[in-house]
Amino acid sequence: MTGTTADVDHSGLERDTESGSQIPVYVWSTLTHESGTAMRLGDMDDDLVVRTSGGQRTRALIVLLGQAKWPDCPPFDSDRKLAAGQSQQICSAFLIPAGQKAAAVELTQGYYKEPLEWPVKS
């Protein structure tokens, strides 16, 4: 789902004047811990990338001081641990340049494998 510049204005984030006008893209995903010792959600969600219609790639927005607020994209507890077999649905916010659209969501697989890709239908 694509947000608006008003979403950024009301998010609590300071505007980055060097990056120009940006809009949020909200990506819902389900994280599942298959096996092994419990893992933090924050360690499981950092491989998603949004590729834009302009060919840019961006990772999810990380807010270090405080939590940004986005409509219909609630924050999740990144310290929550999932045991083997457990799943959690989360929403991640990505900022892309205004005037572009999300073209695909990618899951990176390291340096030696091509990312998995899901086209965004708009």
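Listing for the model above:
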quantity	calculated
All positions within region 3-40 that are touching an Asp or Glu at 6+ places or on another chain (Cβ under 9 Å), surrounded by 18 or more Cβ atoms within 10 Å (Cβ to Cβ) and among the aliphatic types (A, V, I, L, M)	Ile23
Strands (runs of 3 or more DSSP E) (entirely within region 30-115) containing at least 1 residues that are at pLDDT 90 or above	48-52, 87-97, 102-107
Inter-residue pairs, beta-carbon under 8 Å, first of a type in the set (Phe, Trp, Tyr) and in region 84-101, second part of a strand (DSSP E or B) and open to solvent by 60 Å² or more (accessible area, probe 1.4 Å), 6+ apart	Phe94/Arg59
Per-region count, region 46-59, residues under 12 Å from the mean Cα position of the chain (by Cα) and open to solvent by 30 Å² or more (accessible area, probe 1.4 Å)	6
Condition broken by Pro119, with the remaining ones in (1) at pLDDT below 90; (2) open to solvent by less than 30 Å² (accessible area, probe 1.4 Å) satisfied	(2)
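The values are calculated or read from the model by the stated rules, or taken from the named source; none is laboratory data. The structure displayed is predicted, hence computed values, not measured ones. With ideal geometry, Cβ positions are generated from the backbone for all residues, glycine too; neighbour counts draw on all protein chains shown. The area values use the complete protein model at the heavy-atom level, side chains included, leaving out ligands, DNA and RNA. Shrake-Rupley method; radii C 1.70, N 1.55, O 1.52, S 1.80 Å.
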